[in-house]
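The block underneath contains the structure these notes are about, expressed in structure tokens.
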Amino acid sequence: MMHKLAKDDIQSDILGQIERVSGEELNKCYQCGNCTGSCPVSFAMEIPPTKTIRMLQLGRVDDVLKANSMWLCVSCLQCYSRCPKAVSAANLFEALRQLSLRKGESHEEIKDLPFPFLKGAPQQAIVSGFRKFVS
Ligand code: SF4
Ligand code: SF4
């Protein structure tokens, strides 16, 4: 029982961090599905935005952090513009990325990127890519 309580406390602390960093209130979402329907990359996400939020509401943070969804979000804000509850899945994905990167593990290593790609990519893309993927 003690072990279960400790685990629940950790989960609720992580959920609190996600809400603080994102500025979003998870329980405002009533699962209408508009965010997933309007997201241009939801087809490639292992867990689409609506389901991501539901899983966070249920405390399944570990499963959400393992999925590719937060790394695929392109911060286009289509989800936010269509949300009747003014919830931004973009902010939630950004918070998940920040919490993951703050552990010190990069999602992409600069040394693994091919030099011809780095040489040809626009500077802005490189800077924003490093901000998004490198801890
Ligand atoms: S901001 Fe991210 S989650 Fe929202 S619609 Fe764009 S890609 Fe999808
Ligand atoms: S559009 Fe808003 S209310 Fe609807 S599922 Fe997405 S976050 Fe929830």
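Bear in mind these aren't lab numbers, they're just calculated from the coordinates by the rules spelled out. All of these numbers come straight from a predicted model, not from anything done at the bench. Glycine gets a Cβ as well: all are built from the backbone with ideal geometry, and neighbour counts include every protein chain shown.
Tell me, what is a quarter of the convex hull surface for the C-alpha atoms of the range 2-103, in nm² with one decimal? List each step's numbers first, then the result.
On the way: hull surface 24.4 nm².
The number I arrive at for the range 2-103 is 6.1 nm².
Strictly under 4.7 angstrom between C-beta atoms: which cysteines of the chain have no such partner?
Here C29, C32, C39, C73, C76, C83 come out as lacking a disulfide-compatible partner, given the Cβ-Cβ threshold of under 4.7 Å.
When you count, for each residue, the other Cβ atoms within 10 Å and take the mean per peptide, how do 94-101, 60-67 rank with the highest first?
Numbers: 94-101: 18.5, 60-67: 15.6.
Highest-to-lowest ranking by the protection proxy: 94-101, 60-67.
Can you find, among L92, S106, T50, the residue farthest towards the positive end of the dipole of the range 1-114? Put +1 on the C-beta of Lys and Arg, -1 on that of Asp and Glu.
T50
How far apart, in nm, are the 7 Å Cα→Cβ label points at D8 and S135?
That separation, rounded to one decimal, is 3.0 nm.
Any idea what the dipole of the range 20-88 comes to, in debye rounded to 20, about its Cα centre with Lys/Arg Cβ at +1 and Asp/Glu Cβ at -1? Before the final figure, lay out each step's value.
Numbers: 8 positive and 5 negative charges, 31 e Å.
The dipole of the range 20-88 has a size of about 140 debye.
Could you size up the charge dipole of the range 62-135 around its Cα centre, putting +1 on the beta carbon of Lys and Arg and -1 on that of Asp and Glu, and report it in debye to the nearest 20? Display every interim value, and only then the final one.
Numbers: 10 positive and 7 negative charges, 48 e Å.
For the range 62-135, the charge dipole is close to 220 debye.
Roughly speaking, what is the stretch gain from I110 to A125, that is 0.36 nm per residue apart minus the C-alpha to C-alpha distance, in nm to one decimal? Please report the intermediate quantities before stating the final value.
Details: separation 15, 0.36 × 15 = 5.40 nm, distance 1.33 nm.
Fully extending the segment from I110 to A125 adds 4.1 nm.
Place a +1 charge on the Cβ of each Lys and Arg in the chain and a -1 charge on the Cβ of each Asp and Glu, then give the dipole magnitude about the Cα centre in debye, rounded to the nearest 20.
Result for the chain is approximately 200 debye, rounded to the nearest 20.
Please give the peptides 48-58, 15-25, 32-42 ranked by average Cβ packing (other Cβ atoms within 10 Å per residue), highest first, as a rough proxy for protection.
Values: 48-58: 20.2, 15-25: 15.8, 32-42: 18.2.
Going from most to least packed, we get 48-58, 32-42, 15-25.
Considering lysine pairs in the range 66-135 that are 8 or more places apart or on different chains, how many have Cα atoms under 24 Å apart? Spell out each step's value before the answer.
Details: K66/K103; K66/K111; K66/K132; K103/K111; K103/K132; K111/K119; K111/K132; K119/K132.
The result is 8.
Running Debye on the range 37-84 with equal point scatterers at the Cα sites and no solvent, what base-10 log of I(q)/I(0) appears at q = 0.14, 0.23, 0.33 Å⁻¹?
Treating every Cα as an identical point scatterer, log10 I(q)/I(0) equals -0.32, -0.83, -1.27.
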